[in-house]
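One structure is given here, and the rest of the page talks about it.
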Amino acid sequence: MSDHRPRLGITMGDPSGIGCEISVKAYEEARDVADIIVVGDADVMRKAMQICDVDFAVNAIDAVSEARFEASVLDVLDVDNVDSTNHDWGDLRKEYGKASLEYVEHAIDFASDGDIDGIVTAPINKQSTQMAGSDHAGHTGLLAERTGVMTYSMMLIEENLRVTHVSTHVPLREACDLVTTENVLDTIYVTQDGLRDLGFEDPTIAVAGLNPHASDGGLLGDEDLEEIVPAVERAQKEGIDVEGPKSPDTVYVQAARGNYDCVVSMYHDEGHIPIKLLGFGKEGEVSGVNMTVGLPIVRTSVDHGTAFDIAGEGIASPRSMIDAIEVAVMAVRNR
């Protein structure tokens, strides 16, 4: 791993959510490990600074080349797409959904052009972005589409537990249909690449089953034998250290104890629930990191939402944002 000091772009997230304030708070702790630029609205970031009672100023810029990267200054690439005279916290608005998507699109372009080394995203609100006309359920599909990637996955990280997903934001009936040998194998591939970004030279991967007890020898369904087993066997023949399908009710405990570096989950809740049991169990804080694996650019994110109910109060924990910045730094250096 190199000692390169990464240049990261933090997207502000929904202007009405907690993304602004957690970005401010995280900057206070993370400015020593990376050069940070917030991609967002400078006026809203100034409001967030007042809420958080910080002692540094906003440097509104129009290009990455104008950033100062000084400890007492937060560089904000000002997209200037929020009416500050009519701005409120905790509001579900079409214009806020549109604004948050624009921050992500700008950051992707900066990363693709090499102006920044990676992206760290604050939360957007799926209802707001759909009101604005987005077809994507969140960041991940937009990132993949804009970078021209077909095979990718969401990797969630909490302490020793890491999980990736064959599918995420789709109905459960559809998720079962997406458990195919090809999809499972593709997820194993991008999981291995993502783990290498995190510094695992020879990662160990477990693949969770779809059905209870991984179908229990065919007693509880045939998807595990017909779709997952062939994917695992093909990956093993290619030299990947992977096992499965493993019973979903025990494999996450085994991984959290260090027996595996990552678990490939078959659908959203199968992977999210164990991660959030760990990350949401800490009083007063929400931790955990979401990293998109399979992209040509580094992207990490917080593992929580916009929290409209507490936005603007200055009480949101920056723990997940700080963790996301640290993971992005690690991934940039390993690449």
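Among the residues of segment 179-191, those identified as surrounded by 15 or more Cβ atoms within 10 Å (Cβ to Cβ) and more than 18 Å from GLY258 (Cβ to Cβ) are VAL179, THR180, THR181, ASN183, VAL184, LEU185, ASP186, THR187, ILE188, TYR189, VAL190. Does LEU8 satisfy being in contact (Cβ under 8 Å) with a residue 12 or more places away in the chain, among the hydrophobic types (A, V, I, L, M, F, W, C) and either in a helix (DSSP H, G or I) or more than 23 Å from ALA311 (Cα to Cα) (or both)? Taking the combined requirement at face value, the residue satisfies it. Among the residues that make up segment 220-228, is at least one of them modelled with pLDDT of 95 or more, under 25 Å from the mean Cα position of the chain (by Cα), of a type in the set (A, V, I, L, M, F, W, C) and assigned to a helix (DSSP H, G or I)? No, every residue in segment 220-228 fails to be modelled with pLDDT of 95 or more, under 25 Å from the mean Cα position of the chain (by Cα), of a type in the set (A, V, I, L, M, F, W, C) and assigned to a helix (DSSP H, G or I). Give segment 115-159 a look and list any residue that's among the acidic types (Asp, Glu), under 17 Å from the mean Cα position of the chain (by Cα), part of a loop (DSSP other than H, G, I, E, B) and more than 23 Å from VAL38 (Cβ to Cβ), or say none. Selection gives GLU159 alone.
Note on segment 303-335: residues that are among the hydrophobic types (A, V, I, L, M, F, W, C), in contact (Cβ under 8 Å) with a residue 60 or more places away in the chain and farther than 15 Å from ILE36 by Cβ amount to 7.
Do we find that THR85 is surrounded by 14 or more Cβ atoms within 10 Å (Cβ to Cβ), β-branched (Val, Ile, Thr) and assigned to a helix (DSSP H, G or I) in this structure? Judged against the criteria, THR85 is not a match.
Going by the conditions given, is GLU201 outside any helix (DSSP H, G or I) and either crowded, with 16+ Cβ neighbours inside 10 Å or out of contact with any strand residue (DSSP E or B) (no Cβ under 6 Å at 6 or more places or on another chain) (or both)? Against the criterion (outside any helix (DSSP H, G or I) and either crowded, with 16+ Cβ neighbours inside 10 Å or out of contact with any strand residue (DSSP E or B) (no Cβ under 6 Å at 6 or more places or on another chain) (or both)), GLU201 qualifies. The residues of segment 229-267 that are touching a residue at least 40 places away in the same chain (Cβ under 8 Å) and in a helix (DSSP H, G or I), listed by number, are PRO230, ALA231, VAL232, ARG234, ALA235, PRO248, VAL251, TYR252, GLN254, ALA255, ALA256.
The values are calculated or read from the model by the stated rules, or taken from the named source; none is laboratory data. Please read all numbers here as calculations on a predicted model, not as lab measurements. Positions of Cβ are generated from backbone atoms using ideal geometry, with glycine treated the same way; all protein chains shown enter the neighbour counts.
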